[in-house]
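Read through the structure below, which is laid out as structure tokens, and then see the notes.
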Amino acid sequence: MASKFGLAGGIPERRVRPIWDAIDSRQFKNALKLSTALLSKNPHSPYALALKALILERMGKNEEALGVCLNAKEILCNNDPNIFVDDLTLSTLQIVFQRLDHLDMATSCYEYACAKYPNNLELMMGLFNCYVREYSFVKQQQIAIKMYKIAGEERFLLWAVCSIQLQVCCANGGEKLFLLAEGLLKKHIASHSLHEPEALGVYISLLEQQSKFGDALELLSGKLGSLMMIEVDKLRLQGSLLARAGDYAAAADVFQRVLALCPDDWECFLQYLGCLLEDDSILTKGTDAIHPLNSPECKNLHISEELFDSRMSNAVNFVRKLLLDADKDSVRCPYLAHLEIERRKLLFGKGDADRVVEDLMQYFVRAIVDLGFSYADWFGHLACFTSDVENFLQVLDNNKKSEFLKKSREECEASMVAPSKALGRSITVFKIQSLIGDMFAQPQEDLEDLAVRMTEMFCKNLPLSKDLDAQESMFGEELLSMACNVLVQLFWRTRDLGYLLESVMILEFGLSTRRITSDGWRWEEHVLHMKLDCLSLAALTRGFAVIDIAIACNEATLIAARKESVIITIIILRKLLLVFLRRSTGYVSQYKILLLHLYSYWSCLPLAYERYKSLDVKNILLETVSHHILPQMLASPMWADLNDLLRDYLKFMDDHFRESADLTFLAYRHRNYSKVVEFVQFKERLQRSSQYLMAKIETPILQLKQNSNNIDEEESILGNLKCGTHFIDLSNEIRSKSLTFNEDFKLRPWWTPTYDKNYLLGPFEGVSYCPRENLHNQIKDTEANVLKSIEKRSLLPRMIYLSIYSASSSSVKENIEANGSLVDPKLSVELKVLLERYAKILEYPFQDAVELVFGISSGQQSFEAPSLDTIDWMNFAVFLNAWNLNSHEIKFLDRGTSISTTWSLVNSLLKKYVLEKITSAGPILSSPGSDLPFLVQLITEPLAWHSLMIQSCVRSLLPSGKKKKKGGFVDQSNTQLIYEIQNSIQSLCDTIEVVTKWLKEQIRKPDDEKFEAIFSPIQWNKSGRGPGKVFKMLESCISLMKDVELGDRISEALKSWNAADVARKVISGQGSLLSEFLKICELKMKSLKALGVQLS
């Protein structure tokens, strides 16, 4: 059965080659024509059929492609000895089956072929690949052991061992399986030894997972240890094993040797210090790459004071030696190491704060004055000094922090240096000032002057950037971000809109100076011309705590897999990733993220979304960055853009899950066994992403909102969702699943540290940023709220479905539907169960929740809750009404309220909250942080669901084919229901009318009047206080720069800059948002009026 020379799938290669050439050049019609001709001469060739199926799938004819594939499969598996079976045919079928989501059929083809030719390694490897794609770890192990027994090759044994590890780490396999894997390796070593470095790594990791650190150390120091070629890596592993085995003294000696060889290894120094103090927290594995832990706090140590003093003295002497060597090579780790020792002493109660300040100043002088540009070349910019010293500043009190700030400022002012270095020093001082909180404790006038100085410094240093490449960071770009933060702080203090406009203005000015043609620098294009060889993710990510690097490596691996001839070295890939990160997270991106949040807060969501799109967020960044915009979009009327956002995100995630097995098999094939478990775990982490689950739920909810005016469309959507039962199952699993939160909150502005917290929505609290200790708690609270939100939202589709049918049955005697079928009474019971569950999520028993909504509706109780919770309670009231229409369990006689039915309950609640929000709302232009998102959600969710109940009742009252009698309906018993429906329609129309009138007032106001309202205060302010100083300084600097050589790009940007355009963009953005909302309201009003006409 093996492929013969010159044959492809049993067909001469010369006949097949033109078809593949046409496919590769995307000439699918020509390829199909050639394939049909080939098939006419070889009608029973599975390979010819597989080729045709591949072409049809590429042309988008999936059903036809599947039929051809099934035909090929049938011919292939009919035991005809004349049928040619080879891996080329099977792999082609596998490609098509996989793309059509029928991988199980490809697997069955390979299983048949392996049974027919039991000793063919090529086919068995193809079957192993199928099991990898299906994540069938047990079957992977079984077929790998079979291959090992046939060939005796080390790689197949390691495939089996990795499959066993996956059973334990990623499935439900017991840890006893590790003993099986260890036994297999021992037996192989006894007879054949090991020959690959990766094999040694797999064996050691297997021993580590069983806590057999002594055995691992013995293996590493024995004959097999020579397989690890790089001495430093071997020492690092040895030190880690010694520490985990509890031999801290020996581990410290080993880490000391590593530092002698690599004095700039900061992670190794922390491990060394941890071993000296017998603190193994630094050695803990599994640290979250998205939310990394801070450096150890040196608390609750188990060593005596004398031993602490002795070991710290040894550490100091060792670091001094490193410092002497560092004078030859400018490395920063020894300087930071000295600071870390003093920090640990201070935390232990044995240190001296003055000494810490002195050491900080030495590091400041060394970094800024002595290293100068070389430091900037290494780390991107001198401003990273603040992140270096942040942990050390935290152990100082406010007085010592201020002392350090004063000394660093004096040091910068004392020496005369080149303009670029002077700029870097000033930025560093500003950063320190912001870091310690001093900047925001200053009086208002001082803050205004500070923002002016920062902006002026950026403008005056524009000539330094005249010769830079368009994609390089300009000198002093972060000054505008810092000035923006100051101006937002001033707005928070004073609520003066001018500060907010200036903060937007300077960011837009910064972007205008960087306006370039965006070809989208793609590191992937470079990867295509290189090749993966021994990918070491640990080496790549050392020093970086970003999940994006991991996925970038994964994707590079996948790209390399698509090109058989490619080779990527680890050094080249590391450089590519560093450039990728630098270019994707520069200050231009920071400008856009700040603008995104400012525009969102100012009800300019179209502009915010425009800025988000300009970030060019793709691939894994959709998972880590989209939290900047997705929550705002979910509460907006921009349904088309929201649909695109959700579609792109889900497409990437689903494509990655489909293709992630390629990474795993590629790791097997290239013998990078340490990556096999890593790739699978990474894929599982993404599958358990809270944002992924939320997007899967919000997508159908968006469809329901978009079609809420047409009950037939709604029922069609619900039918495709299995009537919402799938999401109920998902909701049931949420609590048992360990969801992951992959959002990178570090890039968020200080005023909105998480997506459910915005300081600007509340009163001034006297701080400019969320304190570190509070931020951790806020993130935990956010994660808990996300779990509740996912659970609540996953109930909605099913509750809508049950409510529609509960409402339809309420208008028909004896629970008979309009089409004559009986309404299942279990549906009413299920709806009550879901209502009880919904109330429980809102932290209320069902009966108490019912009493609460009635009390609020009648004004007897007040409901103090965030807007999101209010929407949830309104949804509860809507579904409560639908349930009661059929059950009639809620009695109104003894309630002592004006509310007589659940219909009037819902109508009253909707009107009450709309009137409250509209009455308190000012002009949206001058009221940032308005309640517009709340109004949008109220109209598009609870009110929309309530209108669906009305549509359901009307449809059952007026079934298709029946006519009203003159003067009344056929069934007079429905008179009360008709009355309630008519009242509800009128009430909803009145409620929407209030919103519509308010929207039209906002939209119809002349743009010139709006412009004057926000721009005049900064243009004509002559009081010397308040907003306008930054604007005037910016205008002055631009005027003075006309005759300065700035380069073509910057000069053109300054000529075209117009501050007034920013104000006009804000006005236009708000107008677009309001117009979208107005369209939704008008369509809803039209739909309700049409229902009213039917009942009249």
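The values are calculated or read from the model by the stated rules, or taken from the named source; none is laboratory data. Keep in mind that this is a model prediction, so the values were computed, not measured. Cβ: placed from backbone, ideal geometry, glycine included. Neighbour counts: every protein chain shown. Keep in mind that these areas ignore ligands, DNA and RNA; they rest on the heavy atoms of the full protein, side chains included. Shrake-Rupley method; radii C 1.70, N 1.55, O 1.52, S 1.80 Å.
Suppose a student asked you for the relative contact order of segment 3-243, using Cα pairs under 8 Å spaced at least 6 residues apart; what percent would you report?
10
Once you place label points 7 Å from the Cα toward the Cβ at T494 and L915, how far apart are they in nm?
Here the answer is 3.9 nm between the modelled labels.
Of all accessible surface on segment 692-742 at a 1.4 Å probe, what whole percent is carbon and sulfur?
43
Just to confirm the filter: which trypsin sites (Lys or Arg not before Pro) across segment 1004-1096 are DSSP coil and have at most 13 other Cβ within 10 angstrom of their Cβ?
Qualifying residues, ordered by number: K1022, R1025.
Using just the Cα positions, wrap segment 59-103 in a convex hull and report its mean projected area in square nanometres, one decimal place.
Projected over every direction and averaged, the Cα hull of segment 59-103 covers 3.3 nm².
Restrict the search to segment 706-766; then list the trypsin sites (Lys or Arg not before Pro) that DSSP places in a loop and that have at most 10 other Cβ atoms within 10 Å of their Cβ.
The qualifying sites are R735.
When the label point is put 7 Å from the Cα of L261 along its Cα-to-beta-carbon vector, which residues of segment 194-221 have a backbone N closer than 12 Å?
none
Taking 0.36 nm per intervening residue step and subtracting the Cα-Cα distance, what contour gain separates S193 from L307 on full extension?
36.6 nm
Using 1/(1 + (r/R0)^6) with R0 = 35 angstrom and r between the beta carbons of S736 and E889, what's the FRET efficiency to the nearest 0.05?
0.65
With only Lys, Arg, Asp and Glu charged, each at its Cβ (+1 for the first two, -1 for the last two), find how big the charge dipole of segment 644-794 is about the Cα centre; round to the nearest 20 debye.
Once rounded to the nearest 20, the dipole reads 600 debye.
Report the full-extension gain for the segment W639 to I95: residue separation times 0.36 nm, less the Cα-Cα distance, to one decimal in nm.
Additional length available on full extension: 192.3 nm.
Over the alpha-carbon set of segment 3-243, work out the extent along each principal axis and list the three values in angstrom, largest first.
68, 36, 35
What is the magnitude of the charge dipole of segment 205-253 about its Cα centre, with +1 placed on the Cβ of each Lys and Arg, -1 on the Cβ of each Asp and Glu, and no other charges, expressed in debye to the nearest 20?
Using only the charged Cβ atoms, the result is roughly 80 debye.
How high is the FRET efficiency between L347 and D233 when r is their beta carbon distance and R₀ equals 35 Å, given to the nearest 0.05?
0.65
Using 7 Å Cα-to-Cβ label points, what is the N758/R26 separation (nm, one decimal)?
Simple spin-label model gives 4.1 nm for this pair.
Please report the equivalent ellipsoid semi-axes of segment 644-794, computed as sqrt(5 x eigenvalue) of the Cα gyration tensor, largest first, in whole Å.
The equivalent ellipsoid of segment 644-794 has semi-axes of 30, 28, 14 Å.
Give me the percent of the accessible area of segment 3-243 that comes from carbon and sulfur atoms, probe 1.4 Å, all protein chains in place.
Of the solvent-accessible surface of segment 3-243, carbon and sulfur hold 53 percent.
Can you find, among H670, L686, V625, the residue sitting farthest towards the positive end of the charge dipole of segment 584-695, where Lys and Arg contribute +1 and Asp and Glu -1 at Cβ?
H670
Label points 7 Å out from Cα along the Cβ direction at K840 and N62: separation in nm?
3.7
For segment 3-243, with the dipole built from +1 on Lys and Arg beta-carbon atoms and -1 on Asp and Glu ones, taken about the Cα centre, which of N42, H188, N119 lies farthest toward the positive end?
N42
Please give the FRET efficiency for E851 paired with N777, using the beta carbon to beta carbon distance and R0 = 30 Å, rounded to the nearest 0.05.
About 0.40, to the nearest 0.05.
Just the accessible area per residue of segment 656-710, please: how many Å² with a 1.4 Å probe?
On a per-residue basis, segment 656-710 sits at 31 Å².
Given a 1.4 Å probe, how much area per residue of segment 3-243 is accessible, in Å²?
Value returned for segment 3-243: 46 Å² of accessible area per residue.
If you roll a 1.4 Å probe over the heavy atoms of the protein chains, what accessible area per residue do you get for segment 445-492, in Å²?
On a per-residue basis, segment 445-492 sits at 30 Å².
Say the cut-off is 32 Å between C-alpha atoms; which of K592/K1084; K651/K1086; K675/K788; K234/K400; K401/K1029 go over it?
Over 32 Å apart, Cα to Cα: K592/K1084; K651/K1086; K675/K788; K234/K400.
On a full-extension model of 0.36 nm per residue, what is the gain between Q394 and S1036, subtracting their alpha-carbon distance, rounded to one decimal in nm?
Length gained between Q394 and S1036: 227.2 nm.
In debye to the nearest 20, how big a dipole does segment 1016-1089 give about its Cα centre with +1 on each Lys and Arg Cβ and -1 on each Asp and Glu Cβ?
560
Restricting things to Cα coordinates, could you compute the convex hull volume per residue of segment 166-275 in Å³?
Cα-based convex hull of segment 166-275, divided per residue, equals 111 Å³.
List the relative contact order of segment 644-794 as a percent without decimals, with contacts defined as Cα pairs under 8 Å and 6+ residues apart.
In percent, rounded to a whole number, it is 23.
Taking every Cα atom in segment 79-163, find the radius of gyration and the maximum pairwise distance Dmax, and write them in Å.
Computed over the Cα atoms of segment 79-163, radius of gyration and Dmax are 12.7, 38 Å.
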